[in-house]
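The values are calculated or read from the model by the stated rules, or taken from the named source; none is laboratory data. These numbers come from a predicted model, not from an experiment. Every residue, glycine among them, receives a Cβ derived from its backbone with ideal geometry; neighbour counts consider all protein chains shown. Calculation scope for accessible area: heavy atoms of the full protein, side chains included, ligands and nucleic acids excluded. Shrake-Rupley method; radii C 1.70, N 1.55, O 1.52, S 1.80 Å.
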Amino acid sequence: MLPPFTAVVPCFNEEGRIGQTLRLALDYLAANAPESELIVVNDGSTDETGAIARDGLKDAQIATRLLENFPNRGKGAAVRSGLLAARTPIGLFSDADLSTPLEETPKLIEPITNDEVDIAFGSRALDRSLIGVHQPWRREQAGRIFNLLVRLATGLPFWDTQCGFKAFRLEACRPILEAARIQGFAFDVELLYHAHRAGLRIREVPVRWNHAEGSKVSFFRDSLRMLREVLALRVNS
């Protein structure tokens with residue numbers, strides 16, 4: 001059994017899969033961490049995501065909440081609002097597509113519980129044999145280039161900052177979460193950058209991962225925006 005933690009699931013226009021995601025998450029938490037809570041953050045969806053999530057949470061066996069961000073503010077804002085609303089010592093966020101299976105959760109929670117680290121986050125880069133279904137070749141190569149540029153621009157020693165599966169000791173990380181400003185997809189880099197500069201203990205952990213169709217990241221538009229945001233981190237710090 002795992003200690004109590006808060007699982008945060010940010011979602012934007014996920015009506016096609018949020019129901020299944022919540023069923024899997026609730027079943028996993030009830031069986032493995034029944035004192036935990038699940039927070040769903042609906043980030044200004046314009047489809048039925050909110051209604052489906054509300055219905056999926058109503059008979060849960062664990063503590064749940066649905067937070068509504070309107071209008072759409074971005075994934076970074078959604079994740080931070082969920083983590084800052086957590087009522088447990090540890091917060092974990094997972095992408096709504098569950099590309100990293102929930103069964104990988106102990107890899108992140110246990111090092112924090114054992115006081116080994118303050119942040120543990122999933123990585124596709126440390127052991128690529130754990131990737132079951134790969135992204136399209138062009139997107140996968142772009143991700144490798146982006147992470148190389150992140151290392152060069154920020155000095156961070158990590159190889160996959162963008163995997164949507166991260167856990168935080170909230171007492172140590174709350175000031176960083178509160179001070180963060182990036183609303184979009186580069187928020188991961190901002191959190192890790194400031195945590196690294198603050199001397200927090202951070203561990204990159206290889207996890208199983210499978211590509212799921214329906215990514216909200218625009219290959220060109222969001223990649224360029226993320227690079228600008230990453231470069232601005234170094235300039236403004």
Checklist outcome for this item: Every listed condition ((1) open to solvent by 60 Å² or more (accessible area, probe 1.4 Å); (2) at pLDDT below 95) holds for Arg174 save (2)
Checklist entry - What about Arg65, is it part of a strand (DSSP E or B), over 22 Å from Arg208 (Cα atoms) and open to solvent by 10 Å² or more (accessible area, probe 1.4 Å)? => result yes
Next on the checklist: Quick check on my filter: what residues within segment 46-62 are under 18 Å from Asn13 (Cβ atoms), touching an Asp or Glu at 6+ places or on another chain (Cβ under 7 Å) and open to solvent by less than 30 Å² (accessible area, probe 1.4 Å)?
Outcome noted: Thr49, Gly50
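Could you tell me whether any residue of segment 154-171 is over 20 Å from Leu108 (Cβ atoms) and within 19 Å of the chain's Cα centre (by Cα)? Show your work before the answer.
We begin by selecting, within segment 154-171, every residue over 20 Å from Leu108 (Cβ atoms); these are 154-155.
Narrowing the set further to residues that are within 19 Å of the chain's Cα centre (by Cα) leaves none.
Looking for residues that are over 20 Å from Leu108 (Cβ atoms) and within 19 Å of the chain's Cα centre (by Cα), one finds none in segment 154-171, hence no.
Take segment 126-155 and flag every residue that is out of contact with any strand residue (DSSP E or B) (no Cβ under 8 Å at 6 or more places or on another chain) and of a type in the set (A, V, I, L, M). Outline the logic, then answer.
Narrowing segment 126-155 to residues out of contact with any strand residue (DSSP E or B) (no Cβ under 8 Å at 6 or more places or on another chain): 128-129, 133-155.
Correct list: Val133, Ala142, Ile145, Leu148, Leu149, Val150, Leu152, Ala153.
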Checklist entry - Within segment 39-62, how many residues turn out to be of a type in the set (A, V, I, L, M) and either within 20 Å of Gly76 (Cα to Cα) or not in a helix (DSSP H, G or I) (or both)? => result 6
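When you scan segment 105-211 for helices (runs of 4 or more DSSP H) that lie fully inside it, which ones turn up with 2 or more residues that are of a type in the set (S, T, N, Q)?
Numbers: elements: 105-113, 137-154, 170-179, 187-197.
Those helices (runs of 4 or more DSSP H) span 105-113, 137-154.
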Item to check | Any chance Arg203 is out of contact with any strand residue (DSSP E or B) (no Cβ under 9 Å at 6 or more places or on another chain) and open to solvent by 30 Å² or more (accessible area, probe 1.4 Å) | outcome: no
Checklist outcome for this item: Matching residues in segment 180-196 (open to solvent by 40 Å² or more (accessible area, probe 1.4 Å) and modelled with pLDDT of 95 or more) number 2
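Only one of Gly214, Gly199 is at pLDDT 90 or above and out of contact with any Phe, Trp or Tyr (no Cβ under 9 Å at 6 or more places or on another chain); which? Walk me through it before giving the result.
Working: Gly214 fails: at pLDDT 90 or above.
Being at pLDDT 90 or above and out of contact with any Phe, Trp or Tyr (no Cβ under 9 Å at 6 or more places or on another chain) holds for just one of Gly214, Gly199, which is Gly199.
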Checklist outcome for this item: Per the filter on segment 89-138, residues open to solvent by 70 Å² or more (accessible area, probe 1.4 Å) and under 16 Å from the mean Cα position of the chain (by Cα) are Glu103, Lys107
Checklist outcome for this item: For segment 1-38 the number of residues that are of a type in the set (A, V, I, L, M) and assigned to a loop (DSSP other than H, G, I, E, B) is 3
